[in-house]
Amino acid sequence: MSETKHQLLTLLSRMLKSPPQKALSLFTSSAHQNLYHTHESVSIIIGHFLSLNMLSQAESFIVRLLSGKITSPSFTIISLLPYLTNTSNCYDAGRVYETIISAHVKAQLPVEGALLLVNEMIDRGFVPSAILFNSVLKCLVKECDFEKAWWIFERNKGRVGLDAYTFGILIKGCCENDNLKRGFEVLSEMDRMGFSPNVVVYTTLMDGCCKKGEFEKAKRLFFEMEEIGLVANQYTYTVLINGFFKKGLRKDGFELFERMKREGALPDLHTYNCVLNAYCNDGEMRKAFQLFDEMRQRGVTCNVVTYNILIEGLCKQRNVGEAKKLVSEMKSCGLSPSIITYNLLMDGYCRVGMMDKAFYLYNELKSSGLSPTVITYNVLITGCSRSENSYQVLDFVREMEERGISPSKVTYTILMDFFARCNDMEKALQVLSYMKRTDLVADVYTYSVLIRGWCDEGNMMEALKLFEIMGEMELEPNDVIYNTLIHGYCREGSSYKALKLLREMAGKGMMPNVASYNMTIQVLKGDGKQEDAQNLLAGMLKSGLKPSNTLSL
DNA sequence: GTAGGGTTAG
C-alpha cells in the first residue's frame, strides 16, 4: 500500500470517529499535506454536518469545495452527489440537493449545473423550496438568459415552491428584456395562482413602465396598488419621481416629491439624489444646494453619488472652482472620490480649456489606486482634440490600449470628429472602417459627425451618401443631422434641396433651428423664389422663432 | 437573506 493511501485511510477512520468540528479540522489540515481526497473523505464531512442538521456548515464547506479552496478543482460536486444520496446513506436526499444547489449558487458557478440538479431533484420526486428555486431563477435572469428562466418557471411551476419573490424576479426579468406586456401577464398570473402582489412587485413593474416611457401605465399601477390597500414606500415614489424626471416631466416629478413628503413616506438618499440630479440638469444650482441642506438637516447621509451629481452640475456651468471645493469637502467627510468623480472633474477642466489641471487629475487618480475607464480616456481625448493639445490625442489612444481598455463607440466617434475637424475625412473614414471591424455598430452620433465633416468640406454628394446609408440601416436621423445638411445645401446655393429637408424634418415633428430657416430663406430669395421664401418665413413665425435682423424681404 | 430606486464621455 502506498504511503499516501495509508495516510488517507488513517485520516478517514479518525474522521469517522470524531465530532464534526474536529473532523473538519482534521480534513482541513490534511489538505495541506497534498493528500488526494476521495468522494468518501469529502462525503464523511458533509454527512457529519447533514446528520447533525448543521446545514449552514455543510453549505459553507461545499462552497469552499466548489471554489477549489479545499481540494483539487477537478473535484466536482455533481460527482459527489451519488455518494451522498444513495440509498445506503442515512441523509435526507432532498436536503442534500438543497444544500448542494444553494452552495452552487453562492459559489457563483455556471447556473447550468444548478439547473441540472434542480431538474434531477424534481425528477426524483423532491420539491425544491421557493427560496432555492428563486435563487436559481435569479441567476438565470442575471445572466440575461430570461427566456430560459421563463421556460424553467413555466415547466416547473406546479412542482416547486413559489412565493411573491418568484414573481418579482420574473417581472424584473420581463422589464429588463423589454417585454413589459409579459410583465403585466406575470402580475395577473400571480393573482390567478393565488399569490397576492406586494409593493415590491408593483414597484418593479412601475420601474419597467417608466423606463419604457409608459407613464400612464405606471400611474395606473400606482392607483391600482393603492386600491388594493398597499402603501407606496420610498422605492415606489423614487421609481416614479426618477421616471418622470428622466423623461423631462419636471412638474410631475417635483409634485410627486412633495406628495411623498406629505404622505409621510420619508425621502431617502436615493430619492434626494434623483431630485438633486433634476435640479442640476436644469442648471438650478441654488435650489440644488438648498435641497442638499434639507437632506442633511433631515439626517439623510449623503454619499459619493450625491457629490458626483452636484459636481457635474457645477462643471456643466463651467464652475469648476466650486466643483473642486466640493471634492475637498467630500474628502473631509470621509468620502473618497470615485472614478466618476475624477471623470466629471476632468471633463469640467477640459471644457474650460484647463488641460494642465485635467492632466494633473489624471495622474492623481492613477496614483490613488483607481483605474481609469474608457470614459476617462474619452474625456481626455475630447479635451485634447478641442484644445491646443491635439497632438496628444493619439498618445492617449495608445495609452488606453496599453492598459487593455478597448475603445468604445464613443471613443471612435470622438476620433472621427477630431479628424473631420482637421479636414481629414480620409482618416475619419479609416476610423469608421476600423470600428466596423470590431463588433461596434455606428449610430446616429457617429453618422452626424461624418456628415458634418463632409458638409464642412462642401462635399454634399458624400454627405448625402451617408445620409442614405443611415436610412438603409434604419437609423432615424436627428435634428442635428438635418440642420447640418440644410446648412450645407444653403452654402452651395441649393435652395430647393434645403427646403425639401426643412419640410421633411418638420414632417417628422422636429424643429429646424433659426439658422436653418434664416439661411434657407436667404438662399431662396437669392434664387428669386420670393413666394417660397415668404411662405417659409410665415411658417417660421408661426412656430415661434424670430428671424434674424439681417433678414430683409 | 430570495424580489425593487440614484451619478460620468461623443
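Things to note:
- Residues of the range A:92-149 satisfying the condition of being over 24 Å from A:HIS48 (Cβ atoms), of a type in the set (Val, Ile, Thr) and over 27 Å from the mean Cα position of the chain (by Cα): A:VAL118, A:ILE122, A:VAL127
- Meets criteria (closer than 30 Å to A:GLY248 by Cα, in a loop (DSSP other than H, G, I, E, B) and among the hydrophobic types (A, V, I, L, M, F, W, C)) for A:CYS144: yes
- Counting only residues that are within 30 Å of the chain's Cα centre (by Cα) and away from DNA strand B (no atom under 11 Å from the Cβ), the range A:433-459 holds 7 of them.
So that you can scan it fast, the table gives a plain yes or no per residue for (1) part of a helix (DSSP H, G or I); (2) of a type in the set (Gly, Ala, Ser); (3) without any contact (Cβ under 8 Å) to a residue 60 or more places away in the chain; (4) within 12 Å of DNA strand B (Cβ to nearest atom):
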{"position": "A:GLY161", "(1), (2), (3), (4)": "no, yes, yes, yes"}
{"position": "A:CYS174", "(1), (2), (3), (4)": "yes, no, yes, yes"}
{"position": "A:ASP191", "(1), (2), (3), (4)": "yes, no, yes, no"}
{"position": "A:SER196", "(1), (2), (3), (4)": "no, yes, yes, yes"}
{"position": "A:CYS210", "(1), (2), (3), (4)": "yes, no, yes, yes"}
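- Taking the criterion of being at pLDDT below 70 and assigned to a helix (DSSP H, G or I), the residues of the range A:1-27 that qualify are A:GLU3, A:THR4, A:LYS5.
- Taken together, the residues in the range A:343-386 that are within 10 Å of DNA strand B (Cβ to nearest atom) and acidic (Asp, Glu) amount to 1.
- A:LEU541, sole failed condition from (1) surrounded by fewer than 17 Cβ atoms within 10 Å (Cβ to Cβ); (2) closer than 26 Å to A:SER433 by Cα: (2)
- Within the range A:387-411, the set of residues being surrounded by 18 or more Cβ atoms within 10 Å (Cβ to Cβ), over 25 Å from the mean Cα position of the chain (by Cα) and either within 11 Å of DNA strand B (Cβ to nearest atom) or polar (S, T, N, Q) (or both) comprises A:ASN389, A:GLN392.
- Enumeration of residues in the range A:473-509 that are part of a loop (DSSP other than H, G, I, E, B), of a type outside the set (D, E, K, R) and within 30 Å of A:LYS436 (Cβ to Cβ): A:MET473, A:LEU475, A:PRO477, A:ASN478
- Near pairs, Cβ below 6 angstrom, 6+ apart or cross-chain, from the range A:357-371 (of a type in the set (Gly, Ala, Ser)) to any residue that is part of a helix (DSSP H, G or I): A:ALA358/A:MET346; A:ALA358/A:TYR349; A:ALA358/A:CYS350; A:ALA358/A:GLY383
- Test: residue in the range A:506-515 that is hydrophobic (A, V, I, L, M, F, W, C) and at pLDDT 95 or above: no
- Matching residues, the range A:261-317, being more than 12 Å from DNA strand B (Cβ to nearest atom) and among the aliphatic types (A, V, I, L, M): A:MET285, A:ALA288, A:LEU291, A:LEU314
- Residue satisfying all of: in the range A:263-293; of a type in the set (A, V, I, L, M, F, W, C) and not in a helix (DSSP H, G or I); surrounded by the fewest Cβ atoms within 10 Å (Cβ to Cβ) among these: A:LEU266
- Residues that are under 24 Å from A:ASN478 (Cβ atoms), modelled with pLDDT under 90 and hydroxyl-bearing (Ser, Thr, Tyr) within the range A:516-553 comprise A:SER543, A:SER548, listed in sequence order.
- Residues located in the range A:119-129, provided they are out of contact with any helix residue (DSSP H, G or I) (no Cβ under 6 Å at 6 or more places or on another chain) and within 16 Å of DNA strand B (Cβ to nearest atom): A:VAL127, A:SER129
- Restricting A:LYS324, A:LYS331 to residues that are touching a residue at least 12 places away in the same chain (Cβ under 8 Å) and over 27 Å from A:ARG421 (Cα atoms) narrows the list to A:LYS324.
- Elements of type helices (runs of 4 or more DSSP H) contained in the range A:294-412, each with 1 or more residues being of a type in the set (Lys, Arg): A:304-316, A:320-332, A:339-351, A:355-367, A:393-402
- Residue selected from the range A:220-254 under the condition basic (Lys, Arg) and either farther than 23 Å from A:TYR279 by Cα or part of a loop (DSSP other than H, G, I, E, B) (or both), by the criterion farthest from DNA strand B (Cβ to nearest atom): A:ARG220
The values are calculated or read from the model by the stated rules, or taken from the named source; none is laboratory data. Predicted model only: the values in this text are computed from it and were never measured. Note that each Cβ is placed from the backbone with ideal geometry, even for glycine, and that neighbours are counted across all protein chains shown.
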